[in-house]
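Notes for the one structure printed next.
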Amino acid sequence: MNGSLIGANFNTQAAELMANLSLKVGQNKILISAKNNCGTTQKEIIIELIEPTPPPTVVITQPNKLPLNTQDASTVVLAKVNHVSNENDIHVSLDGQHINFTYSASNGMVTVPTALQMGGNNLIIEVENESGFDKATAELIRSGIPPKIHFTNRSETTTFRNPEVIVVNSRVSIKGYVSNYTGATLSVLMNGTAVNFSYNPSNGIFSGSINMINNEVVKLTFSALNQWGKGAKDLYLIQNIPGSGTGNNSGGNNGNSHNGNNPPTPSGSNLIKNPPTNSGSNKSGNTPPKVNTTKSELQKNIDKGDIYFNAKRWSVSKSYYEKAVRLDRNNVHAKNRISVINVKLRKPTSSKPAASSKPKTQPKPKTQPKPRVQPQPQTKPKTPNTTPKIKGK
C-alpha cells in the first residue's frame, strides 16, 4: 500500500485475501499481486480517505461573565460555533421557546437578540453534526430598580438644621409618589412612630396629613421596598405661626418638647429672640433651626413692651402690650404682662400708714406777688422865683 509491503491473510480454500489497512487522508494506492506455476497477475485499487468532521463546539463569548445581572429589558448574546455546515445545525431557545438568531459562516459567530423578562431567563444554544452534539447555556437575570421617594408639595432637600417652615395653623398635608413602584410597599414614620398614609400601589401615589406642635421640628421617614431593594427619604418640617408662642410666657406652656427620637427643639422666644424678661427664658442646648426671622407687627409690639417692662416703665410697656392684644386676642404673654403692670400701677392704701391717717389737704394756690412799687423820694416843691426878670431892650 502506497509502495510499502503490508501483511495480509489468504484463505486458500475460499481464495480470499483479507488485510487491515491504516489509511492516510487523501488517496491510498493498493497493489495486490499473485503468482503460480503458470505465471503472475496483479490488481491495483485506490481508496481515498476524506478527513472526518470533528464534533461541533459552541462557546458563549458575550456576556463574558455568567450569570448576567442587568436592569435592561433586553440584551445581545454572542456565541462562537465550530464544525457546523450551516445555520440548520444550530438551535437557540429561551426558556424552552425557540427564538431567532443570525449565523455568520465566515467567522462562525451566532448573534442572539434577547428580550428579558423580570427575574431569571435561561438561554440555550445547541449545535450538531454527523460527528456529535454540543450546547452552551446562559442564565440572564433581569433585576428591577429599587423604588425612590418623591414629594410633590414639599421640599426634596430638607435637613434637621434646615427644615421646611410651615406657617399655617392647621394639619399639614404631604403628597408625593414612588417611582419604580411595581411591587413596592410604603411605610411612614413620624419621629420614629408609624403613621398612616394613603398609598396606591397601582400608580405609586401617596398622601397624608399630620398634626404639628408650633416651633418643634418633625422628622418624617418615608420608606418604599420592593424585591429589588429599598428607597428612603427624610422630610423635616417645623411649624412657625407668627404671633403664636412667642416671647417668654410665664403662664403658658411654651417649654421645650421632647418627641420621639429627635432631640428637644427650641420653641417660643428661642426662635424669635426677644430681650430677656424677669420671668426668665428656657435655654436649649441645641442650636435652633433656621427660620424666617422677619418680625410681624405683633412681635414688634411685644418686643418693645418687654424692653419697657424690664426698664420698669409700666405705662409705656402696657401701651405696647395692649396693641399686641388688639392684634392677637389670644396672646397669653401680652395678657399676663398687662395683669402684672396693672398690679404695679395700683397704689395700695395699707403700704403707707402714716400718710393714710392724715387726710391730704389741698395746697393753697399760689398767688402772684404784687409788683413792688419803688417809692418816689419826696422832693420839696419848687417855689417860683419871685424875683422879677428884667428883660432887656
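Laboratory data are not the source of any read-out in this text; all were calculated from the coordinates shown. Just so you know, these numbers come straight off a predicted model, no measurement behind them. Because the Cβ atoms are built from the backbone with ideal geometry, glycine has one as well, and the counts that use them run over all protein chains shown.
Quick check for me: using +1 on Lys/Arg Cβ and -1 on Asp/Glu Cβ, what's the dipole size of region 289-345 about its Cα centre, in debye to the nearest 20? Don't skip to the answer; put the middle values down first.
Details: 13 positive and 5 negative charges, 20 e Å.
That gives a dipole near 100 debye.
Can you tell me the convex hull volume per residue for region 9-49, based on C-alpha atoms, in Å³ to the nearest whole number?
Values: hull volume 3.0 nm³, N = 41.
Output value, Cα hull per residue: 73 Å³.
Loop only by DSSP, 13 or fewer other Cβ within 10 Å of the Cβ. Give me the GluC sites (Glu not before Pro) in region 76-170 that pass, ordered by residue number. Walk me through the numbers before you get to the answer.
On the way: sites: Glu87, Glu126, Glu128, Glu130, Glu139, Glu156, Glu164; in loops: Glu130, Glu156.
Within region 76-170, the qualifying GluC sites (Glu not before Pro) (loop, at most 13 other Cβ atoms within 10 Å) are Glu130, Glu156.
Once phi is turned into θ = phi - 60°, what whole-Hz ³J(HN,Hα) does the Karplus curve with 6.51, -1.76 and 1.60 give for every residue of region 142-153, x standing for Gly and Pro?
9, 9, x, 9, x, x, 9, 8, 9, 9, 9, 10
What Kirkwood radius, in Å to one decimal, follows from the Cα pairs of region 57-142? Present the calculation step by step, with values, prior to reporting the outcome.
Values: mean 1/r = 0.0769 Å⁻¹.
Roughly 13.0 Å, rounded to one decimal.
Could you pull out every residue, at least 5 positions away or on a different chain, whose amide H is within less than 5 Å of the one on Gly108? Hs are placed 1.01 Å off N in the peptide plane, and Pro or chain starts have none.
Result for Gly108 returns nothing.
Report the local net charge at Glu156: Lys and Arg +1, Asp and Glu -1, summed over other residues whose C-beta lies under 13 Å from its C-beta.
Details: positive: Lys148, Arg154, Lys175, Lys233; negative: Glu164, Asp234.
Value of the local net charge: +2.
Percent relative contact order of region 9-49, based on C-alpha pairs within less than 8 angstrom and at least six residues apart?
On the way: 44 pairs, mean separation 14.3, N = 41.
Reported as a whole number, the value is 35 percent.
What is the dipole size for region 56-204, taken about its Cα centre, with +1 at each Lys and Arg Cβ and -1 at each Asp and Glu Cβ, in debye to the nearest 20? Mind dumping the intermediate values first?
Numbers: 9 positive and 11 negative charges, 241 e Å.
Charge dipole, region 56-204, about its Cα centre: 1160 debye, nearest 20.
Residue by residue through region 132-141, which ³J(HN,Hα) values in whole Hz follow from phi under the Karplus form 6.51 cos²θ - 1.76 cosθ + 1.60 (θ = phi - 60°), with glycine and proline marked x?
After applying 6.51 cos²θ - 1.76 cosθ + 1.60, I find x, 8, 8, 8, 9, 10, 9, 9, 10, 10 Hz.
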